[in-house]
Structure formats: structure tokens, C-alpha cells
1. Does at least one position in region 28-37 carry a residue that is assigned to a helix (DSSP H, G or I), surrounded by fewer than 12 Cβ atoms within 10 Å (Cβ to Cβ) and of a type in the set (Phe, Trp, Tyr)?
2. With the requirement that a residue be modelled with pLDDT under 85 and either of a type in the set (Phe, Trp, Tyr) or surrounded by 12 or more Cβ atoms within 10 Å (Cβ to Cβ) (or both), what does region 72-98 give you?
3. Give region 35-71 a look and list any residue that's of a type in the set (Lys, Arg) and modelled with pLDDT under 90, or say none.
4. Look at Ala55 and say whether it is surrounded by fewer than 12 Cβ atoms within 10 Å (Cβ to Cβ), of a type outside the set (Val, Ile, Thr) and touching a helix residue (DSSP H, G or I) at 6+ places or on another chain (Cβ under 7 Å).
5. Run Ile62 past the list (1) in contact (Cβ under 8 Å) with a residue 60 or more places away in the chain; (2) exposed (fewer than 13 other Cβ atoms within 10 Å of the Cβ) and report the number of the one that doesn't hold.
6. For Thr63, state whether it is touching a His at 6+ places or on another chain (Cβ under 7 Å) and within 24 Å of Asp4 (Cα to Cα).
7. Scanning for something in contact with a Pro (Cβ under 8 Å, 6 or more places away or on another chain) and either of a type in the set (Ser, Thr, Tyr) or closer than 24 Å to Asp4 by Cβ (or both), does region 30-51 turn up at least one residue?
Amino acid sequence: MLPDPASLSRAGGRPEKHCRRDIVDAIFHLVDNGTKWRSLPADFPPWSTVYNYLAAWETAGITQNVLDCLRDRVRLVEGRAAAAASAAVIDPPVGEGG
């Protein structure tokens, strides 16, 4: 679901230094643990590398496409329509309702 590395495209480029799976695992670690970028453990790629990949993917809309595709797959496995929302929760503004 992620774009091909630039080194594999016609434009060419330097091969990637870090495996994309390691980049994605580092992003999952940050989201799951709520840690700061600079607190990323040493067994992941450098925090700045992970940040730059995520920023580029966000700018290109890739992360939203991945989330949409994964959501659709889960919904299909559960026997529901791929993209149709079936429920919604609306909370009253803070201080109202009861």
C-alpha cells in the first residue's frame, strides 16, 4: 500500500537505508506508547528518519489511503459493507446534557 521507493522508479535515486517495516513499526510504537519523537528506542531507525517518512506520507495522502483500505478490509471480513458507516456517536457539548 506504500509507494515504491524512489530507487525503483524511473527517476531513480539512492536505495533506502532503513526497511519500511521498521519505519511503520516505529510509528506504531510512538502511537501506541504516546512517547516523544526523540524518545524513540534505539532499535528503531532514527526519530528524524521516521518523522520525515511520516510527514511525506501525510503530505501525499498515503496514510489516509492506507487507513481507508484497512478499514474496508476489516468491515468486509465482518460481513459489512466496505465504506458505509453503520453507527455514529454524538456527544453533547461539555457542560450541556445530562
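The values are calculated or read from the model by the stated rules, or taken from the named source; none is laboratory data. Just so you know, these numbers come straight off a predicted model, no measurement behind them. Heads up, the Cβs are rebuilt from the backbone with ideal geometry, glycines too, and the neighbour counts pull from every protein chain shown.
1. Within region 28-37, one or more residues are assigned to a helix (DSSP H, G or I), surrounded by fewer than 12 Cβ atoms within 10 Å (Cβ to Cβ) and of a type in the set (Phe, Trp, Tyr).
2. Matches in region 72-98: Arg80, Ala82.
3. Applying the first criterion (of a type in the set (Lys, Arg)) to region 35-71 yields 36, 38, 71.
Answer for region 35-71, where residues must be of a type in the set (Lys, Arg) and modelled with pLDDT under 90: just Arg71.
4. no
5. If we test Ile62 against (1) in contact (Cβ under 8 Å) with a residue 60 or more places away in the chain; (2) exposed (fewer than 13 other Cβ atoms within 10 Å of the Cβ), just (2) comes out false.
6. Against the criterion (touching a His at 6+ places or on another chain (Cβ under 7 Å) and within 24 Å of Asp4 (Cα to Cα)), Thr63 does not qualify.
7. Scanning region 30-51 turns up no residue that is in contact with a Pro (Cβ under 8 Å, 6 or more places away or on another chain) and either of a type in the set (Ser, Thr, Tyr) or closer than 24 Å to Asp4 by Cβ (or both).
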